[in-house]
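Asks: Please find one structure pasted underneath; my questions will follow.
The values are calculated or read from the model by the stated rules, or taken from the named source; none is laboratory data. Being a predicted model, the structure only gives us computed values, none of them experimental. Counting neighbours? That spans all protein chains shown, and the Cβs are built from the backbone with ideal geometry, glycine included. Please note that ligands, DNA and RNA were not included when accessible areas were found on the heavy atoms of the full protein model with its side chains. Shrake-Rupley method; radii C 1.70, N 1.55, O 1.52, S 1.80 Å.
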Amino acid sequence: MAKIEVGPWDYLPEFMGAMTDPGLLVVSLDGRGRPNPMTVGWGAIGVFWSKPVFIAPIRKSRYTHGCIKRTGDFTVNVLPRKLADAAMFCGTVSGRDHDKFAEANLNAAPSLKVKSPVIEECVLHYECRVVHTNAVAPKALIADIADAHYRDRDYHTYFFGEIVAVRAEKNLRRRL
Ligand SMILES: Cc1cc2nc3c(=O)[nH]c(=O)nc-3n(C[C@H](O)[C@H](O)[C@H](O)COP(=O)(O)O)c2cc1C
């Protein structure tokens, strides 16, 4: 399906809706140049340094963590409703021991401006260049969140990705 370039804020409700359910697919490249999709259910989109930015919270244990650090970019992809099951799959197995693209019948397609590819079957793609990396500071975290989310000390790193290109399918709203 043909995609057109759109602005970073054109599909915010659709983007936020997909983040909540079924989750967004963050794609990065591993050390061998293989693309790896990972599901994120958290994140923030907004303005920093006068740039449109998506912040991806990735725990240190994820294969994706090293991939983004090495590559310096990532893409964020919104699945169509009929492929929603891929979010659970990409959010429960690791690219360390799975080729998730092949096993989920997904295809990688070149991005316009970053090295990490997009997922061809997705209806909306954000291309992000890492401009800042930050980590949860345990001492600065309120106790109830620390207890609920970090008993194992597997803290999130926040990858601030400047959104450098966005593409959408024309009939996107009908497929969500
Ligand atoms: C719906 C859903 C949302 C998720 N959100 C996040 C998230 O925001 N951050 C994170 O680090 N892991 C999140 N995960 C877990 C990772 O997607 C999961 O551990 C994945 O297998 C990591 O893949 P990787 O090792 O190939 O990077 C989520 C999983 C699911 C199913």
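Asks: Please pull out the direction-averaged projected area of segment 3-175, using the convex hull of its alpha-carbon atoms, in nm² to one decimal place. Each step should come with its number before you reach the end.
Replies: Details: hull surface 39.5 nm².
Its average projected convex-hull area is 9.9 nm².
Asks: Note the full-extension length gain between Asp144 and Asp30 as 0.36 nm times their separation in residues minus their Cα-Cα distance, in nm to one decimal. Before the final figure, lay out the partial values.
Replies: On the way: separation 114, 0.36 × 114 = 41.04 nm, distance 3.44 nm.
Length gained between Asp144 and Asp30: 37.6 nm.
Asks: Please give the calculated 222 nm ellipticity per residue for the chain, where each DSSP H segment of at least 4 residues contributes -39500 (n - 2.57) and the sum is spread over every residue; nearest 500 deg cm²/dmol? List each step's numbers first, then the result.
Replies: On the way: 5 runs with 35 residues, N = 176.
Only helices count here, giving -5000 deg cm²/dmol.
Asks: With every protein chain present, what is the per residue accessible area of segment 3-175 (1.4 Å probe, Å²)? Working shown, then result.
Replies: Numbers: 8670 Å² over 173 residues.
Per residue, segment 3-175 has 50 Å² of solvent-accessible surface.
Asks: Looking at this model, which pairs from Lys69/Lys115; Lys51/Lys113; Lys69/Lys170 are more than 24 angstrom apart at the alpha-carbon?
Replies: Exceeds cut-off: Lys69/Lys170.
Asks: Can you compute the charge dipole magnitude of the chain about its Cα centre, using +1 on each Lys and Arg Cβ and -1 on each Asp and Glu Cβ, nothing else charged? Give it in debye, rounded to the nearest 20. Write out the running numbers ahead of the final one.
Replies: Working: 24 positive and 19 negative charges, 62 e Å.
Result for the chain is approximately 300 debye, rounded to the nearest 20.
Asks: Hey, what did the chain get for relative contact order, percent, Cα under 8 Å, at least 6 apart?
Replies: Rounded, it is 30 percent for the chain.
Asks: Need one number: nm distance between label points at Leu176 and Asp10, each 7 Å from Cα along Cα→Cβ, rounded to one decimal.
Replies: Placing both labels 7 Å along Cα→Cβ, they lie 1.3 nm apart.
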